[in-house]
Amino acid sequence: MEGGGGAYGAAKAGGAFDLVRFVQQPQVVARIVSAVFALIVFSCLVGDGYTNLAEDPGLYCIFNRNEDACRYGIGIGVLAFLACIFFFMVDVYFPQISNATDRKYLVLADLGFSGLWTFLWFIGFCFLTNQWSWTRAEDVFIGADSARAAITFSFFSIFSWALLLTFAYKRYKMGVEDFAQSYTDPSPGLPTPYSSYPNISHESYQQPPFTHTAEAPEGYQPPPVY
């Protein structure tokens, strides 16, 4: 399906880029918000997510000394931020893509990634909340506000990525409906390659000008037989 002008919820390829209209799109706003939330989460964990203990000079994760909690939060936060930048650029160039198949793959990638990260943010929120509830008060000298901020914005990220998932699904559904409307099923009727001959009536038949039987000439007598 080439030249999919207007396919998958975008304008026809080759149109002028309108920055104001682009920023006002719901999926763009949700993507910017998701990027800000991810930036806050991994910044809080990188900056104040590790603390020193009095009996041990090493650094420990503020979430119940569980290194996996900090690594998980930082990992999904960084990847979510980078993915938001990537898909933001895709949103910018998406109307310029004339191939409907390429548009389909990009929308499917957005759909799959948004669904996966909605689930991962939910797991991250539950994980950080559980580890924070088991953290001893004497282990937290500084960084308590950053830990609470990481938990809070992990919770907010669940809904922002769920919105991105919804918008991506709507774009994919629009593309499928556009394809279904533009496709026409060939007629099942059988073609008639040969035309029938016109009916020929017997009345139009004429006697041939010559007959096979010949009459003897008048006055002819056969010779006598002796």
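What follows draws every value from the coordinates through simple rules; no lab data is involved. Everything quoted here is computed from the prediction, not taken from an experiment. No Cβ is skipped: glycine too gets one built from the backbone with ideal geometry, and neighbour counts run over all protein chains shown.
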In whole percents, the bins of 5 Å from zero upward hold the Cα-Cα pairs of the stretch 32-181 as 2, 10, 18, 18, 13, 11, 9, 7, 5, 4, 2, 1, 0, 0, 0
Extension length gain for THR166 and GLN24 (0.36 nm per residue less Cα distance), in nm, is 49.4 nm
A chain fully extended from LEU116 to PHE86 at 0.36 nm per residue, minus the present Cα-Cα distance, gains in nm 9.2 nm
Rounded to the nearest 0.05, FRET efficiency between VAL36 and ASN130 (Cβ-Cβ, R0 25 Å) equals 0.50
Here FRET efficiency (C-beta to C-beta, TYR50 to ALA109, R₀ 45 Å, nearest 0.05) is 0.85
Residues of the stretch 60-76 with backbone N under 16 Å of the label point set 7 Å from the Cα of ILE123 along Cα→Cβ are 68-76
Computed from the beta carbon distance with a Förster radius of 45 Å, FRET efficiency for THR101 and LEU59 to the nearest 0.05 stands at 0.35
Simple SL model, points at 7 angstrom along Cα→Cβ for GLU138 and MET174; separation in nm is 5.9 nm
